[in-house]
Amino acid sequence: MPSIRILIVDDHELVRRGIRALLTSRPDFEISGEASDGIQGVDKAKELRPDIVLMDITMPNRNGLDATRLIRSALPSTEVILVTQNESIRPLPERRIF
């Protein structure tokens, strides 16, 4: 069975390292790349065509919501999981928003 290719997009290097360490412990996950802001995230997603993008919401240069819209438009089969450490952002009901 092929691995699930994941792109990690977060402006905090320590968070990216932690997510990478957690996910690489699973044999069915492959980290295809990382990006530190929304612009890089969109560019990397188009280049690498991952199965899943783990996207921080609050980032410099392009926030995660805007980056997600661009990725989903360019790569409709790529799923995006939005993550945040910001407690002021209320969780959305579980549904596809893009």
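Here, each number is a calculation from the coordinates, and none is a lab measurement. Keep in mind it's a predicted model, so treat the numbers as computed, not measured. Reconstructed Cβ throughout: ideal geometry from the backbone, glycine too, with neighbour counts over all protein chains shown.
Suppose every Lys and Arg Cβ carries +1 and every Asp and Glu Cβ carries -1, with no other charges. What dipole size does the chain come out with about its Cα centre, to the nearest 20 debye?
Using only the charged Cβ atoms, the result is roughly 260 debye.
Of the peptides 13-21, 47-55, 71-79, the order by per-residue mean of other Cβ atoms within 10 Å, starting with the highest, comes out as 47-55, 71-79, 13-21. Extension gain for GLN85-GLU30 works out to 17.4 nm (0.36 nm per residue, less the C-alpha to C-alpha distance). Helix-only arithmetic for the chain: the sum of -39500 (n - 2.57) across DSSP H runs with n ≥ 4, divided by the residue total, places the mean residue ellipticity at 222 nm at -10500 deg cm²/dmol. Bridges between two residues of the chain, per DSSP, are antiparallel at a rate of about 0%. Charged neighbours of GLY64, selected by a Cβ distance under 11 Å, balance to -3 (K, R count +1; D, E count -1).
Which of MET59, ILE71, VAL15 sits closest to the plus end of the dipole of the chain, meaning its Cα is farthest towards the positive end, when Lys and Arg get +1 and Asp and Glu get -1 on the C-beta? The one lying farthest along the dipole's positive direction is ILE71. If you take the square roots of the eigenvalues of the alpha-carbon gyration tensor of the chain and sort them as a ≥ b ≥ c, do you get rounded (a/c under 1.5), prolate (a/b over b/c) or oblate? Rounded, since a/c falls under 1.5.
Less than 5 angstrom separates the built amide H of LEU7 from those of SER32, ILE52, VAL53, LEU54, all sequence-distant by 5 or more or on a different chain. Across the range 4-83, C-alpha contacts under 8 Å between residues 6 or more apart give a mean separation that, scaled by the residue count, equals a relative contact order of 32 percent.
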